[in-house]
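Since the structure comes first, as structure tokens, the remarks are kept for the end.
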Ligand SMILES: Cc1cc2nc3c(=O)[nH]c(=O)nc-3n(C[C@H](O)[C@H](O)[C@H](O)COP(=O)(O)OP(=O)(O)OC[C@H]3O[C@@H](n4cnc5c(N)ncnc54)[C@H](O)[C@@H]3O)c2cc1C
């Protein structure tokens, strides 16, 4: 019989993360962002408890679980007001790709640090001139004897300042144009020729985005992860977890915002009864709650497919899950701010910044429109529109 509840183990994991992240809470994250500091204590604490590597193999320091477990961790942290954006890149994308396609030596070298949080790996695919069309990326890797030489530029790369290395998506120089044949390289951030410029963002968050410049960055042969001719499979072994984690982040944020709103409308009285008694306030909250539950089911289904090894099914549902979660995060934060009246826009209540933060779930890692394009084409069999 199909169960629509998670295992006892997953539930216990959620409880433990909620307790730990709740001890930090939104106030901690907001204070760090305001001071231009990082949430390092929370990251390390989560790492010490094994939460950052729950999806990675036990023999490399991980918890031996799946992406469904890691997504549960991120969802709970976000629901406690303390999301960790870099979980999307370091253990989910980079950890998944290296676990599945790395050599034994690469696994031993990178995974234990990623699993316990002592080493963070950023991920770079986006380029300014390519945008959503990753087939147009021009970062190029050229062979030079035993080495690789990388040249190119990446945009909006999160957390490079906190990362010891970046997993860079490039193409080989003999495949400069046409359909992307991606090659993945671990590039240490202290490599010669590697430099960054911070992109000022309006959203207040401890994690920051960078333009990354790769100018004749020389890497050893074993910087290449996986096969240079493997095509898109290796990349999507990381991008599907990224979408599932994006969904988890958005769903957690929606839970946080709705929780705040429900608490508020139960006690705020303007007409001699709590404002939550008015349907104009209660119904939007109820609607967002239903949409959130739909979205969480999609997140769990996508993760279950990925963890079962069904990459094709996971691709379809990871896209759908990311779409649904992006939408519910936007509507839930909107409803939460509105339910608070003027207080919704104050710093004290800390909700207005979520209006901006929730938009990220519509834009990244893949935009709402590109997901609709994908579902129209692959689920519905409609002609390609772009
Ligand atoms: C806070 C933040 C963190 C990020 N972190 C990372 C990171 O760590 N690593 C990384 O590699 N990237 C990262 N990104 C980049 C992110 O993945 C991209 O912004 C995203 O993929 C969209 O690409 P773009 O910004 O170039 O938008 P564009 O591709 O320029 O799209 C602009 C608009 O046009 C629409 N559009 C484009 N093509 C079509 C089409 N065919 N049909 C319909 N509509 C279309 C899009 O949906 C969007 O609304 C981050 C971005 C942000 C904002």
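Throughout, read-outs are computed from the coordinates displayed, never taken from laboratory work. Small disclaimer: the values here were computed from a predicted structure and weren't measured. Here the Cβ positions follow ideal geometry from the backbone for every residue, glycine too, while neighbour counts run over all protein chains shown.
For the chain, how big is Rg over Rh, using alpha carbon atoms and the Kirkwood form of Rh?
For the chain, the value is 0.98.
Considering only 230, 163, 78, give the residue with the highest GNM mean-square fluctuation for the chain, with springs between Cα atoms whenever their separation is below 10 Å.
Of the options given, 230 has the highest mean-square fluctuation.
If I stretch the segment between residue 197 and residue 12 completely, what's the gain in nm (0.36 nm per residue apart, minus their alpha carbon distance), one decimal?
Answer, rounded to one decimal: 62.5 nm.
Out of all Cα-Cα pairs in the range 232-379, roughly what percent, to the nearest whole number, are more than 18 Å apart?
Tail of the P(r) past 18 Å holds 57 percent of the pairs.
Rounded to the nearest 0.05, what FRET efficiency do residue 4 and residue 41 give with R0 = 41 Å and r taken as the Cβ-Cβ distance? Could you check?
Efficiency at R0 = 41 Å is approximately 0.70.
Cut-off 10 angstrom, C-alpha nodes, Gaussian network model of the chain. Which of 337, 149, 212 fluctuates the most?
The residue that fluctuates most here is 149.
Is the range 122-225 best put as rounded, prolate or oblate by its Cα gyration tensor, with a ≥ b ≥ c the root eigenvalues, rounded for a/c under 1.5, and otherwise prolate when a/b is larger than b/c, oblate when not?
Oblate.
Dividing the convex hull volume of the alpha carbon atoms of the range 8-119 by its residue count, what do you get in Å³ per residue?
82 Å³
How far, in degrees from 0 to 90, does helix 232-267 lean away from the longest principal axis of the Cα atoms of the chain, to the nearest 10?
20 degrees
Once you put a point 7 Å from the Cα of residue 338 and another 7 Å from the Cα of residue 135, both along the Cβ direction, what distance in nm separates them?
So the label points at residue 338 and residue 135 sit 4.0 nm apart.
If each residue of separation counts as 0.36 nm, what is the full-extension length gain between residue 215 and residue 230 once their alpha-carbon separation is subtracted?
Contour length minus Cα-Cα distance gives 2.9 nm.
Quick one: if the Förster radius is 51 Å, what FRET efficiency do residue 190 and residue 270 give, using the C-beta to C-beta distance and rounding to 0.05?
0.30
Counting other C-beta atoms within 10 Å, which of 386, 28, 60 has the fewest, and how do the rest follow?
386, 28, 60
With equal scatterers on the alpha carbons only and no solvent term, can you work out the Debye log10 of I(q)/I(0) for the range 269-353 at 0.21, 0.25 1/Å?
-0.93, -1.10
Report the relative contact order of the chain, percent, no decimals, based on alpha-carbon pairs under 8 angstrom and at least 6 residues apart.
This gives 15 percent for the chain.
Say each of residue 293 and residue 374 gets a label point 7 Å from the Cα, pointing the same way as Cα to Cβ; how far apart are those two points in nm?
Going from the residue 293 label point to the residue 374 one covers 2.7 nm.
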